[in-house]
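Quick notes on the structure that follows.
The values are calculated or read from the model by the stated rules, or taken from the named source; none is laboratory data. Nothing here was measured: the structure is a model prediction, and the numbers come from that model. Please note: Cβ atoms are built from the backbone with ideal geometry, for glycine as well, and neighbour counts cover all protein chains shown. Just so you know, the surface numbers come from the protein's heavy atoms only, side chains and all, with ligands and any DNA or RNA stripped out. Shrake-Rupley method; radii C 1.70, N 1.55, O 1.52, S 1.80 Å.
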Amino acid sequence: MLGDFARSLELTNGKEWFHFAQTEGLPDDIPVGVESFYKGKGWLSWGDWLGTGTIANRNRTYLKFEEAKKIARTLKCKSVKDWRLISKLGKLPPLIPFKPYDMYKDKGWVSWGDWLETGTVAPYLIQFRNFHDARKFVRSLKLKNGDEWRVFSKSEKFPSDIPANPLTVYKNEGWKGMGDWLGTGRIANFNKKYRNFEEARHFARSLKLTTTSEWKIFSRSERLPSDIPIVPSQTYKNKGWKGMGDWLGTGRIACHLRKYRTFNEARKFVRSLNLKSGSEWRAFCKSGKLPADIPAAPRHTYKDKGWIGFGDWLGTNADE
């Protein structure tokens, strides 16, 4: 019997079966996709096929909501993380669903706080203070920046009717940025007035930086003028932005903006290198000898333009 063979392997789940099915140990008369092949021909479940007795979640019969919740609370989980850990350890009672919010939707489910009896209320169910009252309270704290706000929002002193993520709650209700929220007077980037692109680029080039990494370090320092954006690609999109090479004046061109040789011309050059493998190709790309008009990732550049594979690209399996 085919099922007897599968059970003799002592596999524990479908994932292990598919791993085994890719080996030479699978007999020719047993399909890889047994679930699809034997559907309507005796297939019940992976637990039946492998002999583990495990029943798929969708096929299980669970307790009614109130009974299940009562048992769930005896597990003393303090958070959703605890609940998931218990499930992974196999300590979840068989008649209790791993995803109670799915099973008991419209059947009594309120929240994880109710399910575990932790008292925690889902953010979307909390009645927060109105924006002006919440902001008045927050400003009284005299916090100086977003980092101090995040630390406070995780402390025991944080009021339950003040949102930890005020942007989400008060968007379209008065939110103007963290500076306004804390009362520091700092203006959010999206409200700042920046120099025009030409003037900002002239400043950036005067710094003589050579890489994006160097720009990131500088832009996060106190030396960055307030009217120069940290992320110029966003601020000057469609206003002159051509890439970090143009911004810094290094002349480097972003890969997606480069003009490459045609596929046949590029392949002809690559084959002349007499490279033997993808590893040798990658080493050549990193050597600094790769021409600027030959892509390091040819599969992406020449997809649907002649690309077949690295054997063809390098000429290792091509008919010359």
| task | Enumerate the lysines that LYS64 could reach by cross-link, defined here as Cα to Cα under 18 Å, with residues fewer than 8 away along the same chain left out. | result | LYS99, LYS105, LYS107
| Overall form of the chain per C-alpha gyration tensor (a/c, 1.5; a/b vs b/c) | oblate
| remark: Ranked by GNM mean-square fluctuation in the chain (Cα springs under 10 Å), the top entry among LYS78, LYS99, LYS268 is LYS268
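Could you list, in their original order, any pairs among LYS237/LYS268; LYS15/LYS91; LYS216/LYS286; LYS69/LYS171 whose Cα atoms are separated by more than 27 Å? The partial results should precede the final answer.
Working: LYS237/LYS268 37 Å; LYS15/LYS91 21 Å; LYS216/LYS286 23 Å; LYS69/LYS171 35 Å.
Pairs exceeding 27 Å: LYS237/LYS268; LYS69/LYS171.
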| Value at 222 nm in deg cm²/dmol, rounded to 500, when DSSP H runs of n ≥ 4 in the chain each add -39,500 (n - 2.57) | -10000 deg cm²/dmol
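Run the dipole for the stretch 132-180 about the Cα centre, Lys and Arg Cβ at +1, Asp and Glu Cβ at -1, nothing else charged, and hand back the magnitude in debye, nearest 20.
On the way: 10 positive and 7 negative charges, 31 e Å.
That gives a dipole near 160 debye.
Taking a probe of 1.4 Å, how large is the accessible area per residue of the chain, in Å²?
On the way: 22190 Å² over 320 residues.
Here the residues of the chain average 69 Å² of exposed surface.
With the full set of protein chains in place, find how many percent of the accessible area of the stretch 165-247 is carbon and sulfur; take the probe as 1.4 Å. Let's see the in-between values first.
On the way: 2740 of 5520 Å².
C and S fraction of accessible area: 50 percent.
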| task | Could you check which residue among ASN130, ASN274, ASN196 shows the biggest mean-square fluctuation in a GNM of the chain with a 10 Å Cα cutoff? | result | ASN274
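With charges set only on the Cβ (+1 for Lys and Arg, -1 for Asp and Glu), what does the dipole of the chain come to about its Cα centre, in debye to the nearest 20?
Details: 57 positive and 35 negative charges, 342 e Å.
Its charge dipole is roughly 1640 debye.
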| said: Mean-square fluctuation check for the chain, GNM, Cα pairs under 10 Å: which of ARG271, ARG139, ARG129 is largest? | reply: ARG271
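How large, in percent, is the carbon and sulfur part of the accessible surface of the stretch 22-114 at a probe radius of 1.4 Å?
53
Counting Lys and Arg as +1 and Asp and Glu as -1, each charge on the Cβ, what is the dipole of the stretch 192-320 about the Cα centre in debye, to the nearest 20? All intermediate terms of the calculation are to be shown ahead of the outcome.
Values: 26 positive and 13 negative charges, 75 e Å.
It works out to roughly 360 debye.
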